[in-house]
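First up is the structure itself, then whatever we jot down about it.
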Amino acid sequence: MINDNINVALIGNPNVGKTSVFNQLTGLNQQVGNYPGITVEKKIGFCKLPNNVKANILDLPGTYSLNASSIDENVVIELLLNKNDKLYPDVALVVTDVENLKRNLLLFTQIKDLEIPTILVINMADRMEQKGITLDLPYLEEQLKTKIALVSSRKGFGIDELKKLITTYKTISSEPCLNASVIDPEYFDSLRKAFPSQLLYKLWLVITQDVNFLNLERKEIQSSFTKSHTDLKRLQQKETIKRYQFINDVLKVALKVDISIAKDLRSKIDRVLTHKVWGYAIFFAILFIIFQSIFEWSKIPMDFIDSSFASLSSAAAKHLPEGVFTSLLSEGIIPGIGGILIFIPQIAFLFLFISILEESGYMSRVVFLMDKIMRKFGLSGKSVVPLISGTACAIPAIMASRNIENWKERLITILVTPFTTCSARLPVYAIIIALVIPDEYVFGFLNLQGLTLMLLYLLGFGMAIFSAYVLNKIMKIKGKTFFVVEMPNYKLPMFKNVAINVIEKTKAFVFGAGKIILAISIILWFLASYGPGKNFKNADSILRSKTENSTINEAELENKIASYKLENSYIGIMGKAIEPAISPLGYDWKIGIAIISSFAAREVFVGTLATIYSVGGSDNEDTIKNKMGAEINPITGQKVFNFASGISLLLFYAFAMQCASTLAVTRKETNSWKWPLGQLIFMSGFAYLVAFIAFQFLK
Ligand code: GDP
């Protein structure tokens, strides 16, 4: 090494072509050794530059940032912190890959903060045309306060310009390009005052990491400016976010990627998958297939779980001694656990498909495709997955919102997803539509019942989008969206990643939401199995004496007793108590009971009505329907389920937050009771209002 040569350090993320640039600059004039005491390779080369300037070129180990986490990275930091090192650079070349500028520039902004004259080398320029990338170099130079060399170390172009640029190192700015001390101004201010002769960012690096800092008493700095480990980590995170925000803002203007002019195979596939027409067509076709499969494949395991728990619960009732505990077990706990486990097939299949789409790289294209539209409503492109998954079940759908980085967009997605028509609404819709909408055709082919069902789906989706729009306008949460430049390469999904994701999501549901569903099932069991007063207790003898002379058979009598008990149970009393509140919507106390009990899950509505109307076995749909259809309101003398009250019920179930499990998941995902409560009040309040208006208009 020659001492009056200038020192040039090559710094960059791994795989940006740093070694290739090094080889271009130095040719065969290289020495390879080790850094003292460690096995990290030390490569120095020599380079003759124009105007008789000679340079030592030091190829430093690849590093992602100056937050050291390996010995390789330590080497870089220790050199840059030590002005007395004989290799301390006169100029640093930060090498970046034009396809990964956003990630690569993080390190660049940190090096700039060390006030070393820095040249930004943007490598792999030969790929720009193929990828449809254009750069506004003057703007970049101005914002980043640097000089830029656009090179291709593979094709060898730009290298001569780079050499020339290095010779002007004395005129290259050493000013930082952003002010990192804004992450904690007070703290940095006191740091500056305590060590006025030291560079602020150097002090910060010394405090945050375990590196040797020769000239300064490291202990002294660290002891007088200690912060807890978590505080330091938090500040470091804040620093990284600040840097990315700066980089995003700059790249938004300076970097354009136009895949419509790109030429490689990946871009050609991208062009189809993100096409204005084909992109959507392919996406909806894939969705269609996924939902068909989820419904088809889940049916068998769901039926299996359903029947297993039903027989388990009747076995428990039969074989255990009669009593409170047996009743709790067979009517509360076992059905409660069954009600949790029955969701597992749908959740598992949904996440199987989502993780395959994510792992393969396709999901990033969908997000890109939908982003513009969704953003108008305060949502993100990534909200598409939850909103669509919501047609199966809001629980996995809300869990699928986890990959939305921006908190406000994620929160809005969580809050509006329950409006999409989930599969639990189907049995409710099915029976009410069958009761109040005529099975007729309009225009010869449009079935009115089918049309109503479709309108209900559209209504749910429209309401989700509309409330997102409103929430976006009224919520005062700040959140910055990261600018998406990079799309991952397509690849075959890794089985292990997919499996882990499916298992994690399923576990999160069972142990998170499951607990609350179970608790509510037990409460509902209690409310339906106990009642105050004599009527409940003596239901058996009352009904037996009433029906003594009729020809009623034992099964029918049992049903009548169950129905009478329910009427006089706590939940029955609650149903009667809320009757004044729900009669303006067209409902009586029996529907009131069904509404209260179906708060655990909407599909309970049908089962509860079946018990109330003393219909043995809820599989006998026709009989339930007939009984419900014949029910007369004693006060008005009208049918209870008429067109007005039917539409009112449909609208109520379309909008009301009748799902304890969803509230439980929202609680878990937002880590606060505030949001699920808001959801409950808003959705159910809105449902009440709409159902009220509908009934009053139609009656
Ligand atoms: P390092 O890890 O930063 O030292 O990167 P290397 O020099 O080992 O290069 C990483 C990969 O990028 C290698 O496969 C190189 O062939 C490739 N590469 C390097 N420079 C260029 C370039 O200018 N254009 C293209 N297309 N590829 C390059």
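The values are calculated or read from the model by the stated rules, or taken from the named source; none is laboratory data. Not measured: the values here are computed from a predicted model. With ideal geometry, Cβ positions are generated from the backbone for all residues, glycine too; neighbour counts draw on all protein chains shown. We work out accessible area using only protein heavy atoms, side chains counted, and drop any ligands, DNA or RNA first. Shrake-Rupley method; radii C 1.70, N 1.55, O 1.52, S 1.80 Å.
Side notes on the structure shown:
- Highest average packing first - 457-463, 230-236, Cβ atoms within 10 Å: 457-463, 230-236
- Listed by chain and number, the aspartates and glutamates whose C-alpha is less than 12 Å from the C-alpha of residue 233, apart from same-chain residues fewer than 8 away, amount to an empty set.
- Förster radius 60 Å - calculated FRET efficiency between residue 171 and residue 627, Cβ distance, rounded to 0.05: 0.05
- Taking 0.36 nm per residue of sequence separation and removing the Cα-Cα distance, the residue 231/residue 86 pair yields an extension gain of 48.7 nm.
- DSSP-defined beta bridges in the chain - what % are antiparallel, rounded to 5: 45
- Total lysine pairs in region 512-698 at Cα distances under 18 Å, for residues eight or more apart or on different chains: 21.
- Distance (nanometres) between label positions extended 7 Å along Cα→Cβ at residue 503 and residue 278: 3.9
- FRET efficiency for the pair residue 689 and residue 139, taken as 1/(1 + (r/R0)^6) with r the Cβ-Cβ distance and R0 = 60 Å, rounds to 0.70.
- Förster-model FRET efficiency, 56 Å R0, residue 190 and residue 451, C-beta, rounded to 0.05: 0.20
- Straight-line cross-link reach from residue 476 at under 19 Å between alpha-carbon atoms covers these aspartates and glutamates, not counting any fewer than eight positions away in the same chain: 405, 409.
- Structure-based [θ]222 nm, the chain - -39500 (n - 2.57) summed over DSSP H runs of at least 4, per residue, nearest 500: -18000 deg cm²/dmol
- Once both labels are positioned 7 Å from their Cα atoms along Cα-to-Cβ, the gap between residue 256 and residue 64 label points is 3.2 nm.
- In a fully extended conformation the segment linking residue 238 and residue 430 would gain 63.9 nm over its present Cα-Cα distance, using 0.36 nm per residue.
- By average C-beta atoms within 10 angstrom, highest first, the peptides 92-105, 329-342: 92-105, 329-342
- With a simple spin-label model that places each label point 7 Å from the Cα along the Cα-to-Cβ direction, the separation between residue 326 and residue 494 comes to 5.4 nm.
- Surface composition of region 512-698: carbon plus sulfur atoms hold 62% of the accessible area, using a 1.4 angstrom probe and ignoring ligands, DNA and RNA.
- Packing here is the average count of other Cβ atoms within 10 Å per residue, and on that basis the peptides 50-60, 490-500, highest first, run 50-60, 490-500.
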